[in-house]
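Worksheet: the structure to be examined is printed underneath.
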Amino acid sequence: MSLGILNTYSEFLPLSEKTPRISLGEGGTPLVQSERLAKSLGIPNLFFKLEGCNPTGSFKDRGMVMAVANAIENDSRQLICASTGNTSAAAAAYGAHCGIPTVVLVPKGNVATGKVAQAIAYGAKILSINGNFDKALELAQILAVDLKMTLVNSINPYRIEGQKTASFEICERLGSAPDYLCIPVGNAGNITAYWRGFKEWKDAEFISSTPKMFGFQAEGAAPIVLGHPVKEPQTIASAIKIGNPASWTTALEACAESNGLIDSVSDEEILSAYKSLARMEGIFCEPASAASVAGMIKAKRNNLINPDASIVCVLTGTGLKDPDLASQIADRPLQEVEATTEALSIALQSIN
Ligand code: AN7
């Protein structure tokens, strides 16, 4: 049974007597050792942190449970966020769980089907704006102040606090910190959170070293790599289609302090990693998540990763969020067959 992160890591979180210990069962996600991809790349100690196994299918639940618990403690009446999809699903779910109305601003036409379905199902008020995520976040910040709503984007410091618990879990499972932590970067809240988590776990003397933080943006949405905001970000990985990350500075700090790297990967590399994860490992993640693996492969190719090292790639969200993409790029689409053994036998002659 999962107690949720507020109960499991209470000593490391900003909780008071008054903070409600709410949970939808977030956290405690699997760390799966790679089999075939590890062999093909020649890096035996490769692991995937399956954040898609959280209650709404992404890592956002860890931050959201903390942010919503704090909002309740402070008698908040309403939640608001801008989102490329996963934040809105998590906000809507925890809002519904606690009976707090939730407003989400999303960039029109740029949110994966499953994420919109979640926000609808949980009963959020969804406002689809004619603008990108960066514009939506700008507006959400203004509305939050004007209408006295709690902003639950990762600018909200409680979000980062909750998300850092994934680092604790990785260290507990491995018995030490990994040598490298590879993670997709969008608004840069999560890389900030993981780095804080590793540092706190080391300060508590549970680990003696911290990993190099390797963050990866999509090539068409790589402001941190380029060193300037991107006005019209483009990438197939809609979750990280972000041109002006809110946690830019702390992402750079994580990179510098850990002797890490922030690089970009092309959509082609992202899709290739997305397919390899599904077909070689049986792990179906969303394209933004595959950026961590695409980046790790690129870093390995550039000799930036020692083959004996332990490497954790964070797979931030489940592939079921974006079912359309899986169908669009299928090498082996659905085949219709007559309902006879003869027809089936013929169809199965070409099973491989
Ligand atoms: C699957 O939901 O920004 O660098 O509004 O959904 O912490 O932003 C999502 C981001 C990676 C990037 N992987 O994390 C949102 C949103 C997935 C994501 C990221 C997101 P950050």
**Prompt:** With respect to Pro223, is the statement that it is surrounded by fewer than 19 Cβ atoms within 10 Å (Cβ to Cβ), in contact (Cβ under 8 Å) with a residue 12 or more places away in the chain and either within 16 Å of the ligand (Cβ to nearest atom) or of a type in the set (Val, Ile, Thr) (or both) true?
**Reply:** no
**Prompt:** If Glu172 satisfies every condition in (1) open to solvent by 20 Å² or more (accessible area, probe 1.4 Å); (2) within 16 Å of the ligand (Cβ to nearest atom); (3) more than 22 Å from Gln78 (Cα to Cα) but one, which is the exception?
**Reply:** (2)
**Message:** Looking at segment 224-243 only, could you name the residues that are in contact with a Gly (Cβ under 7 Å, 6 or more places away or on another chain) and under 10 Å from Ser264 (Cβ atoms)?
**Reply:** Thr235
**Fill in**
Among (1) free of Cβ contacts under 8 Å to residues at least 40 places away in the same chain; (2) surrounded by fewer than 16 Cβ atoms within 10 Å (Cβ to Cβ), Lys148 falls short only on (1)
**Complete:** Residues in segment 114-157 that are within 14 Å of the ligand (Cβ to nearest atom) and part of a helix (DSSP H, G or I) total 15
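Consider segment 317-351. How many of its residues are of a type in the set (Val, Ile, Thr), away from the ligand (no atom under 16 Å from the Cβ) and not in a loop (DSSP other than H, G, I, E, B)?
So the first thing to find is which residues in segment 317-351 are of a type in the set (Val, Ile, Thr), and the list is 318, 329, 337, 340-341, 346, 351.
Now restrict to residues that are away from the ligand (no atom under 16 Å from the Cβ): 329, 337, 340-341, 346, 351.
Still in the list and also not in a loop (DSSP other than H, G, I, E, B): 341, 346.
Summing the residues that are of a type in the set (Val, Ile, Thr), away from the ligand (no atom under 16 Å from the Cβ) and not in a loop (DSSP other than H, G, I, E, B) in segment 317-351 gives 2.
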**Request:** Go over the candidates Ser310, Ser276, Ser327, Ser264 one by one and state the one that is without any contact (Cβ under 8 Å) to a residue 24 or more places away in the chain, open to solvent by 10 Å² or more (accessible area, probe 1.4 Å) and not acidic (Asp, Glu).
**Result:** Ser327
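Quick check: anything in segment 183-204 more than 13 Å from the chain's Cα centre (by Cα) and assigned to a loop (DSSP other than H, G, I, E, B)? Step through it out loud before you land on a result.
Of segment 183-204, the ones more than 13 Å from the chain's Cα centre (by Cα) are 195-204.
Pick out the ones that are also assigned to a loop (DSSP other than H, G, I, E, B) and you get 204.
Yes: segment 183-204 contains one or more residues that are more than 13 Å from the chain's Cα centre (by Cα) and assigned to a loop (DSSP other than H, G, I, E, B).
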**Message:** Where the second residue is basic (Lys, Arg) and not in a loop (DSSP other than H, G, I, E, B) and the first is crowded, with 17+ Cβ neighbours inside 10 Å and lies in segment 103-121, which pairs have Cβ atoms under 7 Å and are six or more apart or on separate chains?
**Reply:** Val103/Lys125; Ala112/Lys321; Gly114/Lys321; Lys115/Lys321
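The values are calculated or read from the model by the stated rules, or taken from the named source; none is laboratory data. Computed from a predicted model, the values in this text were never measured in an experiment. Cβ atoms come from the backbone with ideal geometry, glycine included; neighbour counts cover every protein chain shown. Note: accessible area is taken over every heavy atom of the protein model, side chains too, but ligands, DNA and RNA are not part of it. Shrake-Rupley method; radii C 1.70, N 1.55, O 1.52, S 1.80 Å.
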